[in-house]
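J.: Next up is a structure, given as structure tokens.
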Amino acid sequence: MRLLLKGGRVVDPRNGLDETKDVLVDDGRVLTVDSGIEAEGARVLDVREKTVLPGLIDIHVHLREPGREDEETIETGTLAAARGGFAAVACMPNTDPPLDTGAAVRFVLSRARETGRVRVLPVGAITRGLAGAELAEIGELRRAGAVGISDDGRPVTNSRVMRHAMEYASMFGMPVISHAEDVHLAEGGAMNEGYWSTRLGLPGIPAAAEESMVARDIFLAELTGARLHIAHVSTAGSCELIRRAKERGIRVTCEATPHHFTLTDEAVAGYDTNTKVNPPLRAARDVEALLQGLADGTIDAIASDHAPHTTEEKEVEYELAAFGMIGLETSLALAITELVRPGLLTLEQLVERMAYGPASILGLDWPGIAPGAEANITVVDPDASFVVDPTGFASLSRNTPFGGRRLFGRVVATIVAGRLAYEACEAAV
């Protein structure tokens with residue numbers, strides 16, 4: 001299939017692009033990036049006054065298949081990803097059964113080939129059954145196609161097990177993705193420990209529950225030389241620990257979610273269970289620290305931590321509700337609205353945090369918009385606004401606190417390996 005993107009602002013910092021260009025895609029690859037391209041027989045997308053970016057990657061997504069197809073499937077989750085501007089997603093292993101064997105990883109990849117709209121990158125489990133006791137067969141996971149290992153949703157509390165995981169992951173060139181949480185400090189908590197938890201009468205989770213485990217894993221990464229990635233960083237203390245570790249040359253990266261850098265724990269005041277996430281929404285000083293970390297590069301990636309849940313799991317008392325919110329269809333728009341438009345990040349920096357940063361963490365070949373490169377492209381109109389309507393989501397779940405909010409940054413098209421995974425109707429001519 002030949003595609004010609006006409007007249008868009010191409011922003012690709014790795015390839016030195018920030019100018020109006022046409023992009024011709026042929027046979028799955030970028031053929032030409034130039035002005036005034038004419039291509040007989042090509043499907044033309046009019047992207048004038050739109051922005052053309054390297055395909056975005058969401059490094060932290062829960063697709064729920066196998067086991068919880070009532071919450072999400074690979075088909076619906078990847079369609080949501082395409083509509084949100086993502087060309088690839090890394091899916092976490094806390095499925096049922098978990099992705100702790102090569103067969104489980106191969107199943108996900110097979111389903112992605114059958115029904116997926118975007119590229120699916122499975123993350124294998126650190127331990128068998130996510131139980132934290134016995135290492136999974138890490139080499140087998142790697143050979144099956146896993147891009148990293150994690151027990152996301154559950155921390156590996158045994159430091160010896162975590163050390164061995166880092167040592168084995170290093171042998172296979174894989175990052176270890178840490179869910180940093182001291183479960184004893186966090187036990188029974190429903191939201192951030194502080195003023196609002198006291199006022200609302202809800203049990204709190206202190207920042208130290210995250211920071212103590214971030215510190216432990218940084219020390220283990222220093223000991224082993226492993227590549228450590230800290231998932232969903234939420235506190236000022238964690239940011240500072242990671243900043244200092246990078247200064248010491250430790251191989252640590254991290255991600256922040258849009259809900260953690262746009263909302264504070266005050267959002268819980270209405271007892272909307274869609275605000276219940278783990279780690280919890282934090283205080284204003286933590287949000288400010290995340291914004292600073294995104295600006296100065298301490299935080300390497302923006303990830304949705306897309307966590308779908310059924311209505312029944314959320315429409316209960318706050319303390320009983322499941323942790324998690326969905327984010328694939330709002331992450332890019334939240335980043336544009338809250339980071340780019342106020343001038344906290346440039347578009348080039350956004351591309352680094354949502355495309356190249358995630359690719360580097362996972363060790364992916366992601367050359368961007370360059371002749372000969374696989375055509376993974378996101379087209380967005382950063383000035384077009386829309387009101388978030390969860391009833392129209394592609395995701396099977398609706399658990400977002402952003403419903404009714406006006407955001408900027410409407411996705412026009414998502415191209416995956418030269419194929420239109422999603423397009424807004426007005427893009428075609």
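J.: Would you tally the residues in the range 268-311 being within 26 Å of A80 (Cα to Cα), touching a residue at least 60 places away in the same chain (Cβ under 8 Å), assigned to a loop (DSSP other than H, G, I, E, B) and not small (G, A, S)?
T.: Residues that pass the stated criteria total 12.
J.: Let me ask something else about it. What are the residues in the range 238-267 that are among the small types (G, A, S) and in contact (Cβ under 8 Å) with a residue 40 or more places away in the chain, if any?
T.: S238, A256, A267
J.: Give the residues of the range 417-429 that are of a type in the set (A, V, I, L, M), within 25 Å of M325 (Cβ to Cβ) and modelled with pLDDT of 95 or more, sorted by residue number.
T.: Passing the criteria: only A421.
J.: If a residue has to be of a type in the set (V, I, T) and assigned to a helix (DSSP H, G or I) to count, how many in the range 156-211 make the cut?
T.: 3
J.: Can you give me the number of residues within the range 214-230 that are surrounded by 23 or more Cβ atoms within 10 Å (Cβ to Cβ), of a type in the set (G, A, S) and not in a helix (DSSP H, G or I)?
T.: Final tally of qualifying residues: 1.
J.: State yes or no: is G343 under 30 Å from S170 (Cα atoms) and not assigned by TED's automatic domain parsing to the domain that holds G8?
T.: no
J.: Looking at the range 29-60 only, could you name the residues that are on the phi > 0 side of the Ramachandran plot and without any contact (Cβ under 8 Å) to a residue 60 or more places away in the chain?
T.: Across the range 29-60, the qualifying residues are G36, G41.
J.: Another question about this same structure. If I filter the range 298-308 for residues that are on the phi > 0 side of the Ramachandran plot and touching a helix residue (DSSP H, G or I) at 6+ places or on another chain (Cβ under 9 Å), do I get at least one hit?
T.: Yes, that holds for at least one residue.
J.: Name, by its number, the condition in (1) assigned by TED's automatic domain parsing to the domain that holds V176; (2) touching a residue at least 40 places away in the same chain (Cβ under 8 Å); (3) out of contact with any Cys (no Cβ under 6 Å at 6 or more places or on another chain) that does not hold for L63.
T.: Every listed condition holds for L63 apart from (3).
J.: Hey, another quick one. Please work out which residue is nearest to A413 (Cα to Cα), limiting yourself to the range 74-94 and to residues that are surrounded by fewer than 24 Cβ atoms within 10 Å (Cβ to Cβ) and within 17 Å of the chain's Cα centre (by Cα).
T.: R83
J.: If only one of T78, T20, T101 is β-branched (V, I, T), assigned by TED's automatic domain parsing to the domain that holds S178 and in contact with a Lys or Arg (Cβ under 7 Å, 6 or more places away or on another chain), which one is it? Please lay out each step first, then the result.
T.: Details: T20 fails: assigned by TED's automatic domain parsing to the domain that holds S178; T101 fails: in contact with a Lys or Arg (Cβ under 7 Å, 6 or more places away or on another chain).
The unique qualifying residue is T78.
J.: For A169, state whether it is surrounded by 24 or more Cβ atoms within 10 Å (Cβ to Cβ) and either in contact with a Leu (Cβ under 8 Å, 6 or more places away or on another chain) or charged (D, E, K, R) (or both).
T.: no
J.: So, in the range 282-296, how many residues would count as being over 14 Å from S238 (Cα atoms) and either surrounded by 24 or more Cβ atoms within 10 Å (Cβ to Cβ) or not hydrophobic (A, V, I, L, M, F, W, C) (or both)?
T.: Final tally of qualifying residues: 1.
J.: Pull out all pairs, ordered by first then second residue, where Cβ-Cβ is under 6 Å, the residues are six or more apart or on different chains, the first lies in the range 1-28 and is part of a loop (DSSP other than H, G, I, E, B), and the second is surrounded by fewer than 18 Cβ atoms within 10 Å (Cβ to Cβ).
T.: Short answer, once both residue conditions are applied: G28/A417.
J.: Same structure again: Hey, P175 hits all of (1) in contact (Cβ under 8 Å) with a residue 12 or more places away in the chain; (2) more than 30 Å from L53 (Cα to Cα) but one; which does it fall short on?
T.: For P175, the exception is condition (2).
J.: I've got another one for you. Can you tell me which residue among G153, G148 is closer than 25 Å to T330 by Cβ, at pLDDT below 95 and surrounded by 18 or more Cβ atoms within 10 Å (Cβ to Cβ)?
T.: Matching residue, one of G153, G148: G153.
J.: May I pose another question? Just to check your reading of the model, which residue among A165, A190 is under 21 Å from I361 (Cβ atoms) and at pLDDT 95 or above?
T.: Answer to the check: A165.
J.: Can you go through R128, R154, R113 and tell me which one is over 29 Å from V183 (Cα atoms) and not polar (S, T, N, Q)?
T.: One residue alone meets the criteria, R113.
J.: Of all residues being aliphatic (A, V, I, L, M) and buried (at least 23 other Cβ atoms within 10 Å of the Cβ) in the range 243-272, which is nearest to G225 (Cα to Cα)? Just the residue, please. It would help to see each step written out before you state the result.
T.: Looking only at the range 243-272, we keep the residues that are aliphatic (A, V, I, L, M), and these are 245, 250, 252, 256, 263, 267-269.
Going one step further and asking which of them are buried (at least 23 other Cβ atoms within 10 Å of the Cβ), we end up with 245, 252, 256, 268.
Working: A245: 12, V252: 10, A256: 23, V268: 40 Å.
My answer is V252.
For (1) under 22 Å from V176 (Cβ atoms); (2) more than 13 Å from the chain's Cα centre (by Cα), each residue gets a yes or a no:
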site	(1), (2)
L294	no, yes
S304	yes, no
A307	yes, no
T330	no, no
Y356	yes, no
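J.: Tell me yes or no: at least one residue of the range 183-194 is among the small types (G, A, S) and closer than 18 Å to D151 by Cα. Spell out the reasoning first.
T.: First, pick out the residues of the range 183-194 that are among the small types (G, A, S): 186, 188-190, 194.
Still in the list and also closer than 18 Å to D151 by Cα: 186.
Taking every residue of the range 183-194 in turn, at least one turns out to be among the small types (G, A, S) and closer than 18 Å to D151 by Cα.
J.: Which residues, taken from the range 110-137, are among the hydrophobic types (A, V, I, L, M, F, W, C) and under 19 Å from A90 (Cα atoms)?
T.: Across the range 110-137, the qualifying residues are A112, V118, V120, L121, V123, A125, I126, L130, A136.
The values are calculated or read from the model by the stated rules, or taken from the named source; none is laboratory data. Just so it is clear, the model here is predicted, and its values are computed rather than measured. All Cβ positions, even for glycine, are placed from backbone atoms using ideal geometry, and neighbour counts span all protein chains on display.
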